[in-house]
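The values are calculated or read from the model by the stated rules, or taken from the named source; none is laboratory data. Owing to the predicted nature of the structure, the values given are computational and were not obtained by experimental measurement. Here the Cβ positions follow ideal geometry from the backbone for every residue, glycine too, while neighbour counts run over all protein chains shown.
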Amino acid sequence: MKRKWERKNKTKIQDKELLNNYTRRAPKDNWLKYFRVIRYYMKRKFDLGLPDLEMLLFLYSEGLFTRSDFSEFEQIMSWDRKRFDRLRQKGMIVMWRKAIGSEPALYEVSHRCRQLITHFYKKLSGEEMISENKYINPVFAADANYMDKVYKRAIKRFNQEQRQRPAPE
């Protein structure tokens, strides 16, 4: 007796082509697909951690803010007493108006920070690619560590996808 897979007579199931039991539409916009890669690039280039980047993204839309506004949003993040001063020293936050009498000092994100966030959004939306030049991008430097080399491959894949993507209308 022959085994099942050796039978000459095909069964009804073998005659039919296998059908996919699912239907899936590809997403039109996939903005956050490479969020981690872009975040790592921003972290290395501008020496920012994820909580700092999230704080700057929040403050970017706030316009003018006080130190208490900063502290209010900071409460949902990991505890870091020096975050405000560190962002000021890096030039990401600048004083817009000094404290006058009982009115608190007002701050805003700097021009450098606005450019950083604009580039971040453009990279997420696919309008810009991440530079592969070792003088511009520290991930591509000659003395890169292991994680930089891993992210270097991801950046190349991201750029390849952006080159193959059709131009926006």
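Hey, can you tell me all the residues within the range 140-161 that are of a type in the set (Val, Ile, Thr) and free of Cβ contacts under 8 Å to residues at least 12 places away in the same chain?
Val150
Which condition breaks for Pro51 when tested against (1) free of Cβ contacts under 8 Å to residues at least 12 places away in the same chain; (2) within 29 Å of Asp29 (Cα to Cα); (3) in contact with a Lys or Arg (Cβ under 8 Å, 6 or more places away or on another chain)?
(1)
Show me the helices (runs of 4 or more DSSP H) entirely contained within the range 1-67 in which 2 or more residues are exposed (fewer than 10 other Cβ atoms within 10 Å of the Cβ) and either modelled with pLDDT under 70 or among the polar types (S, T, N, Q) (or both).
On the way: elements: 12-15, 35-46, 50-62.
By residue number, 12-15.
Quick one: which residue in Tyr135, Tyr151, Tyr121 is of a type outside the set (S, T, N, Q) and in the same structural domain as Glu74 (by TED's automatic domain parsing)?
After applying the criteria, what remains is Tyr121.
Conditions: (1) β-branched (Val, Ile, Thr); (2) in contact with a strand residue (DSSP E or B) (Cβ under 7 Å, 6 or more places away or on another chain); (3) more than 14 Å from Met55 (Cα to Cα). Ile93 meets all but one. Number of the miss?
Every condition holds for Ile93 apart from (3).
Just give me the residues in the range 125-157 being under 18 Å from Gly49 (Cβ atoms) and assigned to a helix (DSSP H, G or I), in sequence order.
Pro138, Val139, Met147, Asp148, Tyr151
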